[in-house]
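The next block holds one structure in the form of structure tokens; read it before the comments.
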Amino acid sequence: MKILTTIHNLESISLLSSQVDGFLIGNDQFGTRLTKSFGIHEIIDAIQLTSDFKKELFLVCNQMFNDDQLDDFKNFLAFIPIQKLSGIIVADIGAYRLISSLGYKGLVVYNPETLLTNVYDFNFLAKNHIKGAYIAKEITLSDIIEIAKNKEYQMFMVGHGHLDMFYSKRQLIENFMKFNEDDHHYHNQKNLKIIESNRLDEAYPILEDNAGTHVFRGHVFSSLKYLNDFKELLDYLVIDTIFKDDSYASKILPMYHQNQIDTTLIEELQKAYDETWDDGFFFKKTIYKSKGNSND
């Protein structure tokens, strides 16, 4: 199993390289829920830096595109030495088709967030010879193991971080402020949280970026205690440090890299970053309930 992490600054590539196998970066014109938007020249620099350290680099391009954006995406890729990337993470089948038309479908990593929940769905694109896919965030540990045992290409999983649970392409925060005739500007700010009246004990991080509005789980999901269950089956474990910083990554990555739990360090991190860790959906079956009366 290889470990990937997001970063906030290119300088951190050298700092974190000893603890990871690769990095994820993106540009906010085509990627969403990023730690930082990296420009074309920074992406090219990152390709060189990761090559120098013999690490992998994945370009996050996970927006849902309209036709105009696909044209811009093609122009964007023309400036990047795609063949030097380890992969391109997409959520849109149109982006996959575009990358395939350029001759690089073997670099595509499909991440539709919540859709790949069983063996059949996960392997659906295997016949197209893409690099791999992310499993859904809301499935149990036993389901993950079952899919991993039957996967036909490389399997990616978010292993640590605030899981994104709600997404709208609308700029909901901006619309709310306009409705209230408030001039405050909260776009792309990563220190915002919302609290539901019936869940006062949990604040949910909320982010509005170029792709829309996203609400995340309040607790930090950590798979650290369960690495032995899937480390021989999983290809890539992703550490997502959105809402944190590279100093945070430098402290948690050694635990994942060495498969060792440092309870004192975890307590210090939870206090310093005002966070709590949990098992996510590893032992919680997701159940969809229909509204209204049922005849069943």
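None of the figures in this text is laboratory data; all of them are computed from the coordinates on show. Computed from a predicted structure; not experimentally measured. Cβ atoms come from the backbone with ideal geometry, glycine included; neighbour counts cover every protein chain shown.
Based solely on its DSSP helices, what 222 nm [θ] is calculated for the chain when runs of n ≥ 4 H residues each add -39,500 (n - 2.57) and the sum is averaged over all residues, nearest 500 deg cm²/dmol?
Estimated from H runs of four or more residues: -8500 deg cm²/dmol.
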(message) If you build the convex hull over the alpha carbons only and average its shadow over all orientations, what do you get for the range 165-216? Give it in nm² to one decimal.
(response) 3.9
(request) Starting from the Kirkwood radius over alpha-carbon pairs of the chain, derive D by Stokes-Einstein at 10 °C in a medium of 1.306 mPa s and give it in µm² s⁻¹. (result) 79
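Based on the Cβ-Cβ distance of residue 150 and residue 197, what FRET efficiency does E = 1/(1 + (r/R0)^6) give at R0 = 30 Å, to the nearest 0.05? Working shown, then result.
Values: r = 43 Å, r/R0 = 1.44.
After rounding to 0.05, the efficiency reads 0.10.
For residue 231 and residue 258, calculate 0.36 nm times their separation in residues minus their Cα-Cα distance, and state this gained length in nm to one decimal. Intermediate values should be presented prior to the final figure.
Details: separation 27, 0.36 × 27 = 9.72 nm, distance 1.17 nm.
That pair, residue 231 and residue 258, stretches by 8.5 nm at full extension.
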(message) Under 5 Å between amide hydrogens, which residues at least 5 positions from residue 193 or on another chain qualify, with H placed 1.01 Å from N in the peptide plane?
(response) 206
(message) Using a 10 Å cut-off around each Cβ, can you sort 264, 213 from fewest to most neighbouring Cβ atoms?
(response) 264, 213
(request) Apply the Karplus parameterisation 6.51 cos²θ - 1.76 cosθ + 1.60, with θ equal to phi minus 60°, to every residue of the range 164-177 and state each ³J(HN,Hα) to the nearest whole Hz, in sequence, with x for glycine and proline. (result) 6, 10, 9, 9, 9, 6, 6, 8, 5, 5, 4, 4, 5, 5
(message) Could you tell me the relative contact order of the chain? Use alpha-carbon pairs under 8 Å, at least six residues apart, and round to a whole percent.
(response) 20
(request) Hey, can you grab everything whose amide H is under 5 Å from the amide H of residue 280? Only 5+ residues off in sequence or another chain; H modelled, so Pro and N-termini drop out. (result) 222
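Order these by the 10 Å Cβ neighbour count, fewest first: 77, 163, 102. Present the calculation step by step, with values, prior to reporting the outcome.
Numbers: 77 20, 163 17, 102 12.
With the fewest neighbours first, 77, 163, 102 line up as 102, 163, 77.
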(request) Could you work out how far apart the two model spin labels at residue 166 and residue 93 are, taking each label as a point 7 Å from the Cα in the direction of the beta carbon, and quote it in nm? (result) 2.8
(request) Would you calculate the separation in nanometres between label points at residue 277 and residue 37, each defined as 7 Å from the Cα along the Cα-to-beta-carbon direction? (result) 3.3
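In which sequence would 244, 149, 105 go, from the one with the fewest C-beta neighbours within 10 Å to the one with the most? Spell out each step's value before the answer.
Working: 244 23, 149 10, 105 18.
Ordered by Cβ neighbours within 10 Å, fewest first: 149, 105, 244.
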(message) Below 8 Å, C-alpha to C-alpha, sequence gap of six or more: please give me the relative contact order for the range 165-216 in percent.
(response) 46
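Mind listing which GluC sites (Glu not before Pro) in the range 1-89 are in a DSSP loop and have 15 or fewer other Cβ atoms within 10 Å? All intermediate terms of the calculation are to be shown ahead of the outcome.
On the way: sites: 11, 42, 56; in loops: 11.
Those that pass, being in a loop and sparsely packed, are 11.
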